[in-house]
Each structure stands twice: as structure tokens, then as C-alpha cells.
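Comments concern the structure below.
The values are calculated or read from the model by the stated rules, or taken from the named source; none is laboratory data. Keep in mind that this is a model prediction, so the values were computed, not measured. Note: ideal-geometry Cβ built from the backbone for every residue, glycine included; neighbour counts use all protein chains shown.
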Amino acid sequence: MNSTAFTPPTCHRPRVAVIGAGRVGSTLAQRIIEKNLADVVLLDVVEGWPQGIALDLMEARGVERHDRAIVGTNDYADTANADVVVVTAGRPRRPGMNRDDLIVSNAQIVAGATEQAIARSPNAIVLVVTNPLDVMTYVAWEKSGLPARRVIGMAGVLDAARFKTFISMELGVSIREIDAMVLGDHGQLMVPLPRYCTVNGIPLTELMDDRAIDRLVERTRHGGTEIVELMKTASAYFAPASAACAMVEAILRDESRILPGAAYLEGEYGLNDLFLGVPCRLGCRGVEKIIELQLDSAEREAFEASAKSVAARIHKAKELLSDKI
């Protein structure tokens, strides 16, 4: 009887490289593997730290009942062939600091991390989490050499999640009923849009008066600072990791979800050559489309002020990096 050797089919296991094994990076790694999205390579400059986190998470598999692998490393060579590279490396905020105080330290970190990661994974999509978010996303794009649609920053998903949380707490309704939209930079000039927020389809403006809405908008703008001031020696990481994981999932599963993210603008909203928070259709090719919302005069003014601030900080970061070359 003739027989032929069985050749198993070649299967692609999605792979995510998380650069930076701090609280955001390690929590994101946990989210990804426990949602069974991809294998993860967790990289950090501190010897032994990412290896220890990876081993701890691997040992949890018997309880969490998944078969995803996670590897901890200090060597960028181990991140090769990633489908998505998530950059979380950088210094966190401390009390009294704003996100702009991190430009000097984090621009160099993000530039180096992106260059090294993309050298090993040239087909990856890059998701930036490091603050100041919009500026660091521009730095990562320039250093990666990738098309702009393959680089995006995580901010709007987090800001919208905070806005939804505060609305849910105020109204006493399930957060599953709430949709919210936040544009602009990831900072105090972000632009929450109450007109585009709904509770089970009901416009927020029909459920709250202007004073209550304004109070929640301001709390959203300062949501990260509120946590920094409470924690003293750390900044938020659970919600940022969840927001980044939602974007990774949309990419890996090609969901074409409309999510707010820091995307490169080339004429959209009348703006050019900057990354800024806008609603995007996100899928396996990265940013598939930028959605242009109709803004009223007050929203437009706030959005343009946010863009002007981001453009100035991008210029500062570019000057800094050119001085270091």
C-alpha cells in the first residue's frame, strides 16, 4: 500500500511585541493572551524583569485555560515578525507633572524603540501608548519609515472610556448603554463631544443639563491627572491597557471598528502633518479611513486649539531629536 507522509498545514499564530514591561505594558500583555488574541513578546531594558513577568503569566495559563505563549526578553531580535508592535516604553507621570514634561525623555526612548522593533518586524502596525501621546506617535511614525496609516496612537479610546464611566456614574445606568466620542489631543485640550454621546440611542443632551455635562467634560479632561494625584507614585495602567487591547483586537481580527485614535491628518479637518485624535476605521491594514465629523463653531474652535498645541509640541520634539543626531 502506498502512503505519503502527512504534512501539517502552516498556521499563522498572531504575534504582538509589547515594548516596555512597566505596568501598562505588562497589563496589556496579560489582556492580550487571556483574551486569546495573540502570542506576546514582552521587551524591557531591565534584565530579568520581563522574563519574570512572562513566566508568571505563563504559569497562570492552567487557571485561565488558554494556550497563548508569552516570552520576556531584553533583546529586540526576539520580537521579530510581530504583526503589531505596541510601544509603551517611557517615563510615567508623577504628581505635579503634565504630559508635556515627558517630551524630552520619552522622545528619545520612543525613537530608539520604534527603529529597533520595525527593523525586525517591517510589516507590523505600530500602536503608540507612551505620553505625550500625539507627539510620541509622530516620533514613532518618522522613525519607523512606515506609511502613516500603519501607525496610530492610543488615546481617544481611553478618553472616551473615561467619559462613558463618568456618564454612567452620574446617571446610574449600565455603561453598556453608553457611546461617547472624544477628539483632539490626549491632554487638557482634548475635545469631548456631548452632541455625539448617547445612552441607548438617546442624546446625552436630553438626559443632562449643561452644567452637569460641563462638569463631566472637565473631569474627563483631567481623568489621568486625577489618578496620578491619588496614586502619588504611579499613573493609570488598567484602563490604558484595556484601551490598547481593544485597538490590538480590532487590528488582529480585522474588525473595521470605528474607534477614536491619534491618526495622521493629510487635509482631514483642514489640518496637515500631525497626529491627532479623530474617529478612525481600524482593521488589519491599520487606519482604513478617517471619519470627518461635522463640528459646530465651538467644537471646531476647541479642536483647532488642540491641533495648534500638538503641532507646537511636535516641532519641539523634532528639534530635540535633530540635536541628538
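Overview of values
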item	result
Candidate set from segment 55-96 (those that are under 17 Å from VAL129 (Cβ atoms) and at pLDDT below 95); member that is surrounded by the most Cβ atoms within 10 Å (Cβ to Cβ)	GLY90
Lone unmet requirement of (1) assigned by TED's automatic domain parsing to the domain that holds CYS284; (2) at pLDDT 95 or above; (3) out of contact with any Pro (no Cβ under 6 Å at 6 or more places or on another chain) for ALA148	(1)
Top-ranked residue of segment 193-218 - restricted to ones that are touching an Asp or Glu at 6+ places or on another chain (Cβ under 7 Å) and not in a loop (DSSP other than H, G, I, E, B), ranked as surrounded by the fewest Cβ atoms within 10 Å (Cβ to Cβ)	ALA212
Condition broken by VAL46, with the remaining ones in (1) part of a loop (DSSP other than H, G, I, E, B); (2) of a type in the set (Val, Ile, Thr); (3) in contact (Cβ under 8 Å) with a residue 40 or more places away in the chain satisfied	(3)
Those residues of segment 265-291 which are over 14 Å from the mean Cα position of the chain (by Cα) and either of a type in the set (Phe, Trp, Tyr) or assigned by TED's automatic domain parsing to the domain that holds VAL128 (or both), in sequence order	TYR269
Subset of segment 285-303 that is within 22 Å of ARG221 (Cβ to Cβ) and touching a helix residue (DSSP H, G or I) at 6+ places or on another chain (Cβ under 8 Å) - its residue that is surrounded by the fewest Cβ atoms within 10 Å (Cβ to Cβ)	ASP296
